[in-house]
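Notes for the one structure printed next.
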Amino acid sequence: MLAKVCSAAVNGIEAYPVEVEVNAGYGDTLLVVVGLPDAAVKESRDRVTTAILNSGYNFNFGRTTINLAPADVKKEGPSFDLPIAIGMLAASDQLETDQLSNFAMVGELALDGGIRPVKGVLPIALRARAEGKIGVLVPRDNAPEAAVVSGLLVIPVRNLREAADFLEGEVKISPTRVDLNALFNQNHDDDLDFAEVKGQESVKRALEIAAAGGHNVLLIGPPGTGKSMLAKRVGTILPPLTLEEALETTKIHSIVGLLGPGQALITQRPFRSPHHTASDAGLLGGNINPTPGEISLAHHGVLFLDELPEFKRSVLETMRQPLEEGHVTISRAAGTMTFPSQFMLVAAMNPTPDGKMPAESRSSPREIQSYLGRVSGPLLDRIDLHVEVPQVKFREITSERNGESSAQIRERVIAARQRQQERFKSKPKITCNARMGSRELRQFCLLDDQTLELLKFAMADMNLSARAYDRILKVSRTIADLAESEKVTSDHVSEAVQLRSLDRQIWT
């Protein structure tokens with residue numbers, strides 16, 4: 001007898017439908033899995049047969065062929081265990097139901113018939129809804145994740161017997177539901193706050209500008225000045241995630257398997273801080289079967305690269321395209337994958353090899369230039385703000401006064417972002433000033449003659465590239481938004497120019 005069960009698999013960050021066909025024949029027992037299965041899928045034969053027996057069913061199969069369609073796409077992972085087992089029970093007349101076409105299902109089987117959680121359930125649930133399914137059968141730990149998809153019945157199942165009984169109508173299982181508003185409104189106990197940072201008001205101002213416009217920023221200063229401390233608090237002043245952004249971010253983390261048990265949705269912007277020994281595959285993604293890397297895990301959040309010159313130059317250079325385009329494309333023998341990577345880069349570095357400022361350093365000018373040269377000019381051009389982080393004065397360290405809290409700064413950042421959303425409401429792909437193209441720069445960054453003259457002088461004096469010119473205009477537009485100004489004035493441009501330390505003569 002032939003049985004067909006609906007399932008799905010993940011390709012990149014999207015899922016595609018997979019139909020599990022099981023044909024039970026006669027003769028000696030032989031299970032054959034076709035449809036480009038990987039090793040984990042082939043091993044499902046042993047898991048499924050043992051789980052069927054331990055769930056109290058008979059194993060009276062002859063030659064059984066299991067086909068995973070479409071047959072020209074490689075199938076990976078153990079998530080097909082549950083649909084294969086259900087298909088085998090239906091093909092052997094041990095399961096009688098007319099619901100197989102209404103539900104998609106995924107899950108890894110334990111030998112005792114229990115169902116373990118799998119990766120990528122959120123994109124699979126989205127695909128099931130797009131395919132017109134009534135619902136999905138998923139492991140209980142994955143149910144909250146799938147339940148954020150509205151208009152879909154999410155049935156949490158604990159074991160194979162329970163899944164089969166539900167499909168036959170023998171038991172009723174209440175669908176899992178989640179309250180999205182409650183998820184977004186829940187309090188996140190964040191012990192990080194800008195009020196804890198003593199001094200460094202100019203750096204805080206630069207980070208506020210960066211957060212308000214989604215700009216990349218590089219912090220340059222001696223050890224112990226608070227670069228890492230400041231960078232780790234950038235996430236506390238960013239605007240909250242929208243539902244669409246939260247879904248995109250959760251999909252990526254679901255595919256990699258970073259969601260906690262029972263976690264439904266990522267509602268806080270991610271903060272990723274890879275070590276400087278990270279490889280290009282770890283940072284961008286890759287391996288034999290391409291998976292998202294750190295820059296995709298930081299999508300809609302912050303990617304913090306501490307000790308920037310210590311990263312391999314080849315690794316840093318591969319970031320240029322994602323920084324510019326907001327996505328990364330990885331080509332391997334297994335196929336080509338595109339992952340989103342719209343993140344805010346926050347990097348930190350010492351000014352010289354010995355960590356001191358250039359005027360105090362014992363390093364020679366050639367050594368300093370060689371150290372700074374580890375970060376290429378084209379990459380620096382893509383970093384909008386280069387901010388000097390000076391030593392904190394003693395009176396600031398011992399002061400009882402606290403600076404502004406993250407909540408106060410965040411209010412101004414949110415207000416500036418709201419002005420940008422209103423400005424770009426007809427351009428949904430542009431979410432902040434940092435994402436403006438040349439057309440938007442001409443439209444929203446008009447300069448008067450005095451401001452143009454100032455910018456012309458700065459470009460000639462600092463030998464700026466055309467890309468640096470665009471970055472200065474974008475930062476100027478953000479400074480104007482924070483000042484609630486419709487026009488970009490010379491004051492805004494002057495501050496933006498001052499926030500490019502590595503282009504100034506002191507560094508060259």
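Each Cα pair under 8 Å and six or more residues apart adds its separation to the average, and for the stretch 1-86 the resulting relative contact order is 39 percent. Compared with the alpha-carbon gap, the fully stretched path from Asp179 to Thr29 is longer by 49.2 nm at 0.36 nm per residue.
With the simple spin-label model, which puts each label point 7 Å out from Cα in the Cβ direction, the Ser399 to Glu307 separation comes to 3.2 nm. Full extension of the segment from Thr338 to Ser485, taken as 0.36 nm per residue of separation minus the current Cα-Cα distance, would add 49.1 nm. You can think of it this way: the chain between Gln268 and Leu2 has 91.1 nm of extra reach, that is 0.36 nm per residue less the Cα-Cα gap. Only alpha carbons enter this Debye calculation for the stretch 204-334, each as an equal point scatterer, and the log10 of I(q)/I(0) it gives at q = 0.11, 0.13, 0.19 Å⁻¹ is -0.42, -0.59, -1.24.
Take Glu324, project a point 7 Å from its Cα along the Cβ direction, then tell me which residues of the stretch 457-481 have their backbone nitrogen under 13 Å from it. 466-468, by backbone N distance to the label point. For the chain, the solvent-accessible area with a 1.4 angstrom probe is 46 square angstrom per residue. Could you please state, rounded to a whole Å, how far the C-alpha centre of the stretch 120-199 is from the C-alpha centre of the stretch 34-49? Cα centroid to Cα centroid, the span is 27 Å. Rounded, prolate or oblate, given the Cα gyration tensor of the stretch 345-437, with a/c below 1.5 counting as rounded? Here the stretch 345-437 falls in the oblate category. Counting only DSSP beta bridges with both residues in the chain, the antiparallel share comes to about 45 percent.
Shown is the FRET efficiency for Asp448 and Tyr469, computed with R0 = 22 Å from the Cβ-Cβ distance and rounded to the nearest 0.05: 0.85.
Using a probe radius of 1.4 angstrom, the carbon and sulfur fraction of the accessible surface of the stretch 232-349 is 50%. Couplings 3J(HN,Hα) of the stretch 34-45, computed from phi: 10, x, 6, x, 8, 4, 5, 6, 4, 5, 4, 4 Hz, in residue order, whole Hz [Karplus 6.51 cos²θ - 1.76 cosθ + 1.60, θ = phi - 60°; x for Gly and Pro]. A crude spin-label estimate for the pair Ala130 and Val73, with each label 7 Å from Cα along the Cβ direction, gives 0.9 nm. Between Asn102 and Leu36, the simple spin-label model (points 7 angstrom out along Cα→Cβ) gives 3.3 nm. D for the chain, whole µm²/s, Stokes-Einstein with Kirkwood Rh over alpha-carbon pairs at 4 °C and 1.567 mPa s: what number? My calculation gives 51 µm²/s for D.
Once a ≥ b ≥ c are taken as the square roots of the eigenvalues of the Cα gyration tensor of the stretch 90-172, is the result rounded (a/c under 1.5), prolate (a/b larger than b/c) or oblate (a/b not larger than b/c)? Since a/c reaches 1.5 but b/c is at least a/b, the shape of the stretch 90-172 is classed as oblate. Against the chain, whose longest principal axis is taken from its Cα atoms, helix 466-482 shows a tilt of about 90°.
For the chain, the longest principal axis of the C-alpha atoms and the axis of helix 243-256 are separated by about 70°. Between 0 and 90 degrees, the angle of helix 81-91 with respect to the longest Cα principal axis of the chain falls at about 20 degrees.
The fraction of accessible area contributed by carbon and sulfur in the stretch 1-52 is 52 percent, rounded to a whole number (1.4 Å probe; ligands and nucleic acids excluded).
Over all directions, the projected convex hull of the C-alpha atoms in the stretch 312-379 averages 5.9 nm² in area. Along the stretch 399-410 the Karplus relation, 6.51 cos²θ - 1.76 cosθ + 1.60 evaluated at θ = phi - 60°, assigns HN-Hα couplings of 5, 7, 6, 9, x, 5, 7, 4, 5, 5, 5, 4 Hz to successive residues, with x for each Gly and Pro.
With a Förster radius of 30 Å applied to the C-beta separation of Asp46 and Glu168, the computed FRET efficiency comes to 0.70. Tyr16 sits with roughly 40 Å² accessible to a 1.4 Å probe, with DNA, RNA and ligands left out of the calculation.
The values are calculated or read from the model by the stated rules, or taken from the named source; none is laboratory data. Since the structure is predicted, the reported quantities are computational estimates derived from the model, not experimental observations. Here the Cβ is made from the backbone with ideal geometry for all residues, glycine too, and neighbour counts use every protein chain on show. Side chains are part of the model used for accessible areas, which takes the heavy atoms of the whole protein and leaves out ligands, DNA and RNA. Shrake-Rupley method; radii C 1.70, N 1.55, O 1.52, S 1.80 Å.
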